[in-house]
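K.L.:
Here it is: the structure, laid out below.
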């Protein structure tokens, strides 16, 4: 066989193989494959969307931007975006940047931006700036979640009132029966007696704080009509309709909430059983997908 003919067959095989390499598939909670259009149609009909991501997954970040554009086209000024990636003490600087009062260089110098901000979150912020969409920094400052983990909830009681105002009320509920918390407790059990639950409570204050500022932020207080909130968070914070969603429903049981999760599998042609029920919609990506860090 000539080299040119061999090359022809090799290239032909690669083309056929590439056609069978989807970058992602979307499934509903029961494992049925659905379209992004179906996901989007559901998302515009609820009060709150919790978009659970893998922080370094480019497919999830791309679909976040696509969904943001669709939800803005539908809701216009009634839409707001929320970010686990920004902590409440950063809200003032984030506001200044989105209003054009400071340059991006000042944003980078002032805030504790995640290492993948430029590739994964800046497109969302830039779209929000262009369309004047409010951006909410929903997370607790990391050092205070760490303080709770090291010394317990009582250590937060001595904090100044201003600092306490940047987190969920310190009497936040803590349901130890939630399966996500149970799993985390098992992961942390090796750290010593009681430390597994301490780690879970540090996770819970993040969930409670994000839920609190989804429901209670200055844009909501300034508006008479309810605002729709699209929130971006690590998938663990909302998987199995727990975490943030559980806390939102404690305060606002009437809220219509849609959850999205991101998972990875070697073979994405069918959703693995362990992911059934993980969210209303599950974005399934190949395990060898390129990551952003």
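Taken together, the values in this text are just the output of simple stated rules run on the coordinates, not laboratory data. Small disclaimer: the values here were computed from a predicted structure and weren't measured. Note: ideal-geometry Cβ built from the backbone for every residue, glycine included; neighbour counts use all protein chains shown.
K.L.:
I'd like the orientation of helix 195-215 relative to the chain: the angle between its Cα long axis and the longest Cα principal axis, in ° from 0 to 90, rounded to 10.
P.N.:
The answer is roughly 90 degrees.
K.L.:
Further question on the same structure: Cut-off is 10 Å between beta-carbons; in what order do 227, 187 appear when sorted fewest neighbours first? Write out the running numbers ahead of the final one.
P.N.:
Working: 227 17, 187 11.
Least crowded to most crowded, the residues run 187, 227.
K.L.:
Please compute the modelled spin-label separation between residue 187 and residue 163, points set 7 Å along Cα→Cβ, answer in nm with one decimal.
P.N.:
2.7 nm
K.L.:
Using helices alone, I'd like the mean residue ellipticity at 222 nm for the chain: each DSSP H run of four-plus residues gives -39500 (n - 2.57), total over residue count, nearest 500.
P.N.:
Details: 12 runs with 126 residues, N = 293.
Dividing the helical sum by the residues of the chain leaves -13000 deg cm²/dmol.
K.L.:
While we're here: When the chain is fully extended, how far beyond the present Cα-Cα distance does residue 41 get from residue 216, taking 0.36 nm per residue of separation?
P.N.:
60.4 nm is the gain from fully extending residue 41 to residue 216.
K.L.:
I need the peptides 91-100, 120-129, 232-241 ranked by packing, meaning the mean over residues of other C-beta atoms within 10 angstrom, with the highest value on top. Present the calculation step by step, with values, prior to reporting the outcome.
P.N.:
On the way: 91-100: 15.7, 120-129: 17.6, 232-241: 22.2.
Descending mean neighbour count gives 232-241, 120-129, 91-100.
K.L.:
In addition: Quick one: helix 58-75 against the long Cα principal axis of the chain, what's the angle to the nearest 10°, folded into 0 to 90?
P.N.:
For 58-75 against the chain, the angle is about 70 degrees.
K.L.:
Once you have the Cα-Cα distance between residue 106 and residue 287, take 0.36 nm times their residue separation minus that, and quote the gain in nm to one decimal.
P.N.:
In short, 61.5 nm is gained.
K.L.:
Quick one: compute the contact order of the chain, relative version, from alpha carbon pairs under 8 angstrom and 6+ residues apart, as a percent.
P.N.:
About 32 percent, as a whole number.
K.L.:
Can you give the FRET efficiency for residue 65 and residue 179, using 1/(1 + (r/R0)^6), R0 = 30 Å, r = Cβ-Cβ distance, to the nearest 0.05?
P.N.:
Using R0 = 30 Å, I get an efficiency of 0.45.
K.L.:
Return one number: the angle in degrees, 0 to 90 and rounded to the nearest 10, between the long axis of the Cα atoms of helix 3-19 and the longest principal axis of the Cα atoms of the chain.
P.N.:
Value to nearest ten degrees: 40.
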